[in-house]
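The values are calculated or read from the model by the stated rules, or taken from the named source; none is laboratory data. Being a predicted model, the structure only gives us computed values, none of them experimental. Don't worry about glycine lacking a Cβ; one is built from the backbone with ideal geometry, like all the others, and counts go over all protein chains shown. Just so you know, the surface numbers come from the protein's heavy atoms only, side chains and all, with ligands and any DNA or RNA stripped out. Shrake-Rupley method; radii C 1.70, N 1.55, O 1.52, S 1.80 Å.
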Amino acid sequence: MVERMVGKQAPRFEMDAVMPNKEFKKVSLEENMKNGKWTVLFFYPMDFTFVCPTEITAMSERYEEFQDLDAEVIGVSTDTIHTHLAWINTDRLDNGLGELHYPLAADTNHVVSREYGVLIEDEGIALRGLFIINPEGDLMYQVVFHNNIGRDVNETLRVLQALQTGGLCPANWKPGQKTL
């Protein structure tokens, strides 16, 4: 039986990551919480694939908008930080990532992917999962879907803004509209 996660404390994590300056450091939910930041945590299956770079670069291109909303973005796969760095160092014209504005974390032991319910155990890779966590560590939003479909950054930003209103947002709510 799958246990509900939304509305509960998000599983804490600390992972090795490649930072935007290409250094290896740790990223953690605790650090974002300590800094009063929202966390947009997204999982993707593997480096050097076809759909993944389209969404990873799309998130990076909109990173400033996430920053304006006091949110930190962290991308995660079960690949190593060394594979992440090689992919970042590969030009976008060659199916690489090029420059990124947020960290890519390595869940090589599969603990975080498993705790967030996105690990495909027999393959050792993650489904596409997106989790929005408030600064208090409450998991406010989750969506998990098939690996053939890339994320919609506009929708991620819309949901983040809706959650930050603290109000009731009707269907098709857009930023700037009234809440209920």
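With respect to L163, determine if the residue is open to solvent by 10 Å² or more (accessible area, probe 1.4 Å), farther than 24 Å from P11 by Cβ and not in a loop (DSSP other than H, G, I, E, B).
no
Six or more apart or on different chains, Cβ under 6 Å: which pairs go from a residue in the range 32-49 that's closer than 24 Å to L157 by Cβ to one that's open to solvent by less than 40 Å² (accessible area, probe 1.4 Å) and modelled with pLDDT under 95? Could you list them?
Qualifying pairs under 6 Å: Y44/C52; P45/N147.
For the range 143-158, does any single residue satisfy the condition of being at pLDDT 95 or above and in contact with a strand residue (DSSP E or B) (Cβ under 6 Å, 6 or more places away or on another chain)?
The answer is yes; a qualifying residue exists.
Name the single residue, out of those in the range 109-120 being assigned to a loop (DSSP other than H, G, I, E, B) and free of Cβ contacts under 8 Å to residues at least 40 places away in the same chain, that is surrounded by the most Cβ atoms within 10 Å (Cβ to Cβ).
Filtering first and then ranking leaves H110.
Tell me, yes or no, whether the range 121-132 has at least one residue that is surrounded by fewer than 16 Cβ atoms within 10 Å (Cβ to Cβ) and outside any loop (DSSP other than H, G, I, E, B).
Checked the range 121-132: no residue is surrounded by fewer than 16 Cβ atoms within 10 Å (Cβ to Cβ) and outside any loop (DSSP other than H, G, I, E, B).
In the range 17-67, which residue that is among the hydroxyl-bearing types (S, T, Y) and in a helix (DSSP H, G or I) is most open to solvent (accessible area, probe 1.4 Å)?
The residue in question is T54.
For the range 87-127, which positions are charged (D, E, K, R) and more than 20 Å from Y63 (Cα to Cα)?
D94, D107, R114, E115, E121, D122, E123
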